Amino acid sequence: MRHALSLFAVLYGLWLALSGHYTPFLLAMGAVCTAFAVAVAMRMDVVDHEGHPIHLGLRIVLYWSWLTGQILLSAFVVSRIVLSPRLRIDPVLETVPSSQKTDLGRVIYANSITLTPGTLTTSVTEDGLEVHALTRSGMDALKAGGMDRRATAVEGHE
């Protein structure tokens, strides 16, 4: 029930932010539609700790803040590579170890790699992730393990 109430709050908050209409009738209809969407999601049995991971709490918000910085930094580096003919591209495809204990943790780590410009997760296994990187330095940064440690900390298994 906690997940359902939290999902309702998140969806209704998003609806309020995106609609821009705050008349009593539209607020009520937004609440009814949000409740219907949550009821359908519950009936489909997709409202759980993986589908709506409220147990991650503040850790995920801090991780998203850090990840946003990494995305911006990587976007700058990739832009420099693309715009400068002198910088060489050295694509590599290697397996990067992952220390996450749950499927949710591995998904967070794999998606974080894919969201970061210049890297792409191509396969996920229990032992590691197969990653394509635009440059050798990008792959070396992943193998250093900073993102892996942070993703594991978000998961709650440090």
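The values are calculated or read from the model by the stated rules, or taken from the named source; none is laboratory data. None of these values were measured; they are calculated from a predicted model. Cβ coordinates were reconstructed from backbone atoms using ideal geometry, including for glycine residues, and neighbour counts include every protein chain displayed.
See the values below:
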quantity	calculated
Top-ranked residue of the stretch 73-121 - restricted to ones that are assigned to a loop (DSSP other than H, G, I, E, B) and in contact with a strand residue (DSSP E or B) (Cβ under 7 Å, 6 or more places away or on another chain), ranked as farthest from Asp48 (Cα to Cα)	Pro91
Subset of the stretch 25-70 [under 30 Å from Gly138 (Cβ atoms), β-branched (Val, Ile, Thr) and surrounded by 14 or more Cβ atoms within 10 Å (Cβ to Cβ)]	Ile60
Check on Val82, of a type in the set (A, V, I, L, M, F, W, C), modelled with pLDDT under 95, under 30 Å from Leu7 (Cα atoms) and not assigned by TED's automatic domain parsing to the domain that holds Val10	no
Filter result (hydrophobic (A, V, I, L, M, F, W, C) and surrounded by fewer than 21 Cβ atoms within 10 Å (Cβ to Cβ)) within the stretch 97-141	Leu104, Val107, Leu115, Leu120, Val124, Leu134, Ala141
Checking Leu72 against (1) within 21 Å of the chain's Cα centre (by Cα); (2) within 19 Å of Leu104 (Cβ to Cβ); (3) of a type outside the set (S, T, N, Q), the condition it does not meet	(2)
Qualifying residues in the stretch 124-140 (those that are in a helix (DSSP H, G or I) and not charged (D, E, K, R)) - the one farthest from the chain's Cα centre (by Cα)	Ser137
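Here's the yes/no breakdown for (1) in the same structural domain as Ser65 (by TED's automatic domain parsing); (2) at pLDDT 95 or above; (3) closer than 23 Å to Leu56 by Cα:
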site	(1), (2), (3)
Tyr109	yes, no, yes
Val131	yes, yes, no
Thr135	yes, no, no
Gly146	yes, no, yes
